[in-house]
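Novice: Submitted below is the structure of interest, expressed as structure tokens.
The values are calculated or read from the model by the stated rules, or taken from the named source; none is laboratory data. Since we're looking at a predicted model, the values are computed, not measured. Cβ placement follows ideal geometry from the backbone for every residue including glycine, while neighbour counts extend to all protein chains displayed. Please note that ligands, DNA and RNA were not included when accessible areas were found on the heavy atoms of the full protein model with its side chains. Shrake-Rupley method; radii C 1.70, N 1.55, O 1.52, S 1.80 Å.
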Amino acid sequence: PSVIWLNDRRPDDTDEATWELRIEGQPIRIEDLRARSRPIVATLDCTGGWWSEQAWDAVPLSDLIAEPVGRSVHVGSITGYTRHFPIADLAALHLAVGYGGEALRPGHGAPVRLVVPGRRGPEWIKWVTEVRCSDRPSWLQPPLPLS
């Protein structure tokens, strides 16, 4: 199923050729992520009672941020939805561009979403536009997003 957290709305334009993704302020093309992606098997465990195990075509953030500086990793969606993760978890955070060799569909976060093995669905951010290191501690946020 395609679900959205609270009031998030699927963006109208999810064309990967025009999608603006920035890693530490630098633009990254989705096709470059696709070329670097490798399968990672992870289970998306939704808070709605269902789960799905997939081979996600993804790139670990540790491959994209060579020298992380700060206390957390900030990941943001085009919808305004954000989460902070401990900087020590960088290698466990992945940007996915597909699953099972197929491109993501818009309802599932196309063109790029966060895959976080071992964490619940609300932390698997869809429609990612920004990833950056932050001095803000990851614990300085509600346990679940409020919007």
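Novice: Go ahead and set up a Gaussian network model of the chain, Cα springs under 10 Å, then flag whichever of Val69, Val115, Val97 fluctuates most.
Specialist: Result: Val69 has the largest fluctuation of those listed.
Novice: Separate question: How high is the relative contact order of the stretch 10-141, given as a whole-number percent (alpha carbon pairs under 8 Å, six or more residues apart)?
Specialist: Answer for the stretch 10-141 is 31 percent.
Novice: Here's another thing I want to ask about it. With only Lys, Arg, Asp and Glu charged, each at its Cβ (+1 for the first two, -1 for the last two), find how big the charge dipole of the chain is about the Cα centre; round to the nearest 20 debye.
Specialist: Once rounded to the nearest 20, the dipole reads 320 debye.
Novice: While we're on this one: Tell me, what is the per residue accessible area of the chain in Å², probe radius 1.4 Å?
Specialist: 53
Novice: For the chain, with a Gaussian network of springs between Cα atoms less than 10 Å apart, report the residue from Ala103, Ala92, Ala66 with the top mean-square fluctuation.
Specialist: Per the Cα network of the chain with a 10 Å cutoff, Ala66 tops the list.
Novice: Here's a follow-up. Over the chain, what percent of the accessible surface lies on carbon and sulfur atoms, probe 1.4 Å? Each step should come with its number before you reach the end.
Specialist: Working: 3940 of 7820 Å².
Looking at the chain in its full context, I get 50 percent from C and S.
Novice: Tell me the accessible surface of Ile28 in square angstrom (1.4 angstrom probe, heavy atoms of protein chains only), to the nearest ten.
Specialist: Ile28 has an accessible surface of roughly 50 Å² with all protein chains in place.
Novice: Hey, another quick one. Where does the chain land at 222 nm, in deg cm²/dmol rounded to the nearest 500, when only DSSP H runs of n ≥ 4 count, each adding -39500 (n - 2.57), divided by all residues?
Specialist: On the way: 2 runs with 11 residues, N = 147.
The helix-only estimate for the chain comes to -1500 deg cm²/dmol at 222 nm.
Novice: Computed over the Cα atoms, what is the radius of gyration of the stretch 80-135 divided by 2.2 N^0.38 Å, N being its residue count?
Specialist: Normalised Cα radius of gyration, the stretch 80-135: 1.12.
Novice: By how many nm would the segment from Ala103 to Gln26 lengthen if fully extended, with 0.36 nm per residue of separation less the alpha-carbon distance?
Specialist: Extra length available between Ala103 and Gln26 comes to 25.4 nm.
Novice: Based on the alpha-carbon set only, what is the convex hull volume of the chain divided per residue, in Å³?
Specialist: Dividing the Cα hull volume of the chain by its residue count gives 101 Å³.
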